[in-house]
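Trainee: Got a structure for you, questions after.
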Amino acid sequence: MSNCQKKFFGPLTLHQNNLKPTIFQNDESVECSCVLCEEKFTFPEREKQFLTHLFMEHRLVIADVNQIADLKEYLRYWRLRFKDNSLPFYCTTMLLDNKPDGTKSKDEKYYLLSDVLPEDKELRSNLQQTKLRKLLERHQFEREDKNFIRECLFCRYTSNTTRVHYLSHLYEKHNFHIAKPDNLIFIDDLINTLDSKLEKLQCIYCEGHFNDRSVLKEHMRKKGHKRINAENKEYDKYFLVNYIGDQDKKNITNRNTNQNAYERDSNVDSDPEWSEWTEDNGPLITCLLCDHTETEYEYILTHMDTKHEFSFMDATNGLDFYQKVKIVNFIRRQIHLKQCLACDTKFDDSKNLEKHIKEKKHMTLSRDRWDQPEYYFPTYEDDLFLCFIQDDDESWWSGDERETENQNVMSDNISKEMALAVLDD
């Protein structure tokens, strides 16, 4: 591996098997033009190529692309705005010591377009509100439409009334509960997805494949797999709550709907895993030095202290927020490259690297190595560890007021949003 490859590469993902696809992605192909040139791309097929094009050709990164409700309209808006002013006027400017291809070069400029800019934040919010209005119209139609005709997934019964009635039949006759009808959207597509899995003799929950229908049926019955897996992100787009911002959730949670016998008989509250569409386990925080994960930040700190004899709190004592971010990204990158943090010795196996660091006591963090501008960028785009970093004098639970007070003194520094921005492919 060349030296430039060691120093610079695109954002990675810690949990490769748990990638969260965007729920806003449109299945229909649409053609979009680059915001800065005339090259055209077809979405969603060439979305990654488009983002790569922005970075390689224009040095522009759009933060949190997968959270933009309508990417086509978002790009159309900024294409017009960029005709009025150049990138530095709207974007946060970063100075790195690498060109996009990894070639070493001092103080190369890159640009981040994110909701740190009030105009961008307002645009994203408006696009989400527009999307949400359309979704609520669809949701209302699915609740009120009485011409839904569909054969049961498990028997020859055909429903010809409402989707609520169809879901009620699945639960009452086959003990198959998906979720409360009020929580669901795109029910037709959801049922088609489940039907497709069953036709392929695939378990709906664990997605294992079986030789015949009777074996699959017995497996799902005995294992309690007559339900969908809450950790399967494929189903996120069918739950309305995933489209709603925090301020909007409370506006629809108390909607009065007539669920009649369905809610009374299904008694979904008796099953805490499915009474609401939430993940009990929560997102995972990964150890800086191995693949171990925890759901609590304190637990991952304890793990590093006991397993690796490394105290993150002691190692970063006295450092500010941005310096701690750099240290995390430096450690992540070295571990990804299987290189020692202190001596740069490279290993073919992560276990041997871990053993070397522990035996040689090479958990020393030399400032001239980690205090580089390139480590403002996250090594892993889904690194939840970064979200728990704070200044030593900052309260994690009451930092909002302090952050408001400090907004005016951060203009010459990289903001927290910038340091934690996701650099999509």
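Trainee: Provide Rg and Dmax in Å for the stretch 45-194, with only Cα atoms included in the calculation.
Mentor: Expressed in Å, the Cα Rg and Dmax of the stretch 45-194 come to 23.2, 70.
Trainee: Related question: Which net charge results when you count Lys and Arg as +1 and Asp and Glu as -1 among the other residues whose beta-carbon is under 11 Å from that of R150? The partial results should precede the final answer.
Mentor: Details: positive: R163; negative: E151, D188, D195.
Value of the local net charge: -2.
Trainee: How about K346: which lysines have a C-alpha closer than 18 Å to its C-alpha, ignoring those fewer than 8 places off in the same chain?
Mentor: K346 reaches K6, K7, K338, K355, K358, K360, K361.
Trainee: Taking a threshold of 27 Å on the Cα-Cα distance, which of the pairs K237/K326; K40/K326; K173/K222; K197/K237 fall above it? Mind showing how you got there, number by number?
Mentor: On the way: K237/K326 35 Å; K40/K326 36 Å; K173/K222 17 Å; K197/K237 17 Å.
Too far apart for the 27 Å limit: K237/K326; K40/K326.
Trainee: So what is the accessible area of the stretch 59-205 per residue, in Å², with the probe set to 1.4 Å?
Mentor: On the way: 7270 Å² over 147 residues.
Value returned for the stretch 59-205: 49 Å² of accessible area per residue.
Trainee: With a point put 7 Å past each Cα toward its Cβ, work out how far K48 is from H292 in nm, to one decimal.
Mentor: 3.2 nm
Trainee: Let me ask something else. Through the Karplus equation 6.51 cos²θ - 1.76 cosθ + 1.60, θ set to phi - 60°, convert the phi angles of the stretch 328-344 into ³J(HN,Hα) values in whole Hz; use x for Gly and Pro.
Mentor: The phi angles translate into 4, 5, 5, 4, 4, 5, 4, 5, 4, 7, 6, 10, 4, 5, 9, 10, 6 Hz.
Trainee: Here is a follow-up. Around S196, under 13 Å between beta carbons, what's the net of Lys plus Arg minus Asp minus Glu among the other residues?
Mentor: Details: positive: K197, K200; negative: D188, D189, D195, E199, E207, E234.
Computed value for this residue: -4.
Trainee: Starting from a Cα-only point model with no solvent, please compute log10 I(q)/I(0) by Debye for the stretch 28-82 at q = 0.14 1/Å.
Mentor: Debye curve over Cα of the stretch 28-82, log10 I(q)/I(0) at q = 0.14 Å⁻¹: -0.31.
Trainee: When the accessible area of the stretch 298-370 is computed with all protein chains present and a 1.4 Å probe, what percentage of it is carbon and sulfur?
Mentor: Accessible surface attributable to carbon and sulfur in the stretch 298-370 totals 46 percent.
Trainee: Round to the nearest 0.05 the FRET efficiency obtained for I149 and H362 when R0 = 60 Å and r is the Cβ-Cβ distance. Intermediate values should be presented prior to the final figure.
Mentor: Values: r = 67 Å, r/R0 = 1.12.
Here the calculated transfer efficiency is 0.35.
Trainee: If each residue of separation counts as 0.36 nm, what is the full-extension length gain between T306 and R369 once their alpha-carbon separation is subtracted? Provide the component values of the computation, followed by the final result.
Mentor: On the way: separation 63, 0.36 × 63 = 22.68 nm, distance 2.54 nm.
Full extension of this stretch gives 20.1 nm more.
Trainee: Still on this model: Is any residue of the stretch 183-201 close enough, with backbone N under 18 Å, to a label point placed 7 angstrom from the Cα of Q140 along the Cα-Cβ axis, and if so, which?
Mentor: 183-187
The values are calculated or read from the model by the stated rules, or taken from the named source; none is laboratory data. Just so it is clear, the structure is predicted and the values come from calculations on it, not from any experiment. Here Cβ is always computed from backbone atoms with ideal geometry, including for glycine, and neighbour counts include all displayed protein chains. Side chains included, ligands, DNA and RNA excluded: accessible areas come from the protein's heavy atoms. Shrake-Rupley method; radii C 1.70, N 1.55, O 1.52, S 1.80 Å.
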